[in-house]
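Colleague: First, the structure itself, so that you have it in front of you.
The values are calculated or read from the model by the stated rules, or taken from the named source; none is laboratory data. Note that the coordinates shown come from a computational prediction; the quantities given were computed from them, not determined experimentally. Note: ideal-geometry Cβ built from the backbone for every residue, glycine included; neighbour counts use all protein chains shown. Accessible surface areas use protein heavy atoms only, side chains included; no ligands, DNA or RNA. Shrake-Rupley method; radii C 1.70, N 1.55, O 1.52, S 1.80 Å.
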Amino acid sequence: METSTKQMTMDDYLLMDGKIAFDIALFNRFSTIGDSCYSSICGGFIDGVYQWASHNIDSYIESANKKYTGWTILFSNGSIRRVYIENWVMDAKIKDWKHAKSLFNTYLKTDEKFNNSPQANNK
């Protein structure tokens, strides 16, 4: 009997393990210097990122068009941030989790114009 293994895409990896790859990318972009204490308190980086995300992110909204997939992140302090990535990255065939994390972190972009606006910063 032949078994087939499905080649996973970026989207598959982002949904794995409680979306930790997504949360790591957000942590890398939006955490503050004081947020590094989460790793120390929780005993490791991954556990720290889980706690940081659960304490700081209220929700996020995903949207997509032909070229990009994007997320609007609503933080518990009232601020809003937007990130996006080209769809070719989301559709790429991924070798493993480390490849997924690296690719996503490399190509995820922040919407600086929106993120620096009064609307995004609850002003």
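Colleague: Does segment 49-63 contain at least one residue that is farther than 27 Å from Asn121 by Cα, touching a helix residue (DSSP H, G or I) at 6+ places or on another chain (Cβ under 7 Å) and not acidic (Asp, Glu)?
Modeller: No; the residues of segment 49-63 include none that is farther than 27 Å from Asn121 by Cα, touching a helix residue (DSSP H, G or I) at 6+ places or on another chain (Cβ under 7 Å) and not acidic (Asp, Glu).
Colleague: So in segment 1-31, with the set limited to residues that are within 14 Å of Ile94 (Cβ to Cβ) and of a type in the set (S, T, N, Q), which one is modelled with the highest pLDDT?
Modeller: Filtering first and then ranking leaves Thr9.
Colleague: Follow-up question, since we're still on this one. Leu14: more than 30 Å from Asn122 (Cα to Cα), outside any strand (DSSP E or B) and open to solvent by less than 40 Å² (accessible area, probe 1.4 Å), yes or no?
Modeller: no
Colleague: Picking from Asp58, Asp23, which residue would you name as being closer than 22 Å to Glu112 by Cβ, part of a strand (DSSP E or B) and among the acidic types (Asp, Glu)?
Modeller: Sole residue among the options that is closer than 22 Å to Glu112 by Cβ, part of a strand (DSSP E or B) and among the acidic types (Asp, Glu): Asp58.
Colleague: In this structure, is Thr72 free of Cβ contacts under 8 Å to residues at least 24 places away in the same chain and among the polar types (S, T, N, Q)?
Modeller: So Thr72 passes the test.
Colleague: Can you tell me which residue within segment 64-79, out of those that are over 14 Å from the mean Cα position of the chain (by Cα) and farther than 20 Å from Ser102 by Cβ, is most open to solvent (accessible area, probe 1.4 Å)?
Modeller: Once the filter is applied, the top-ranked residue is Lys66.
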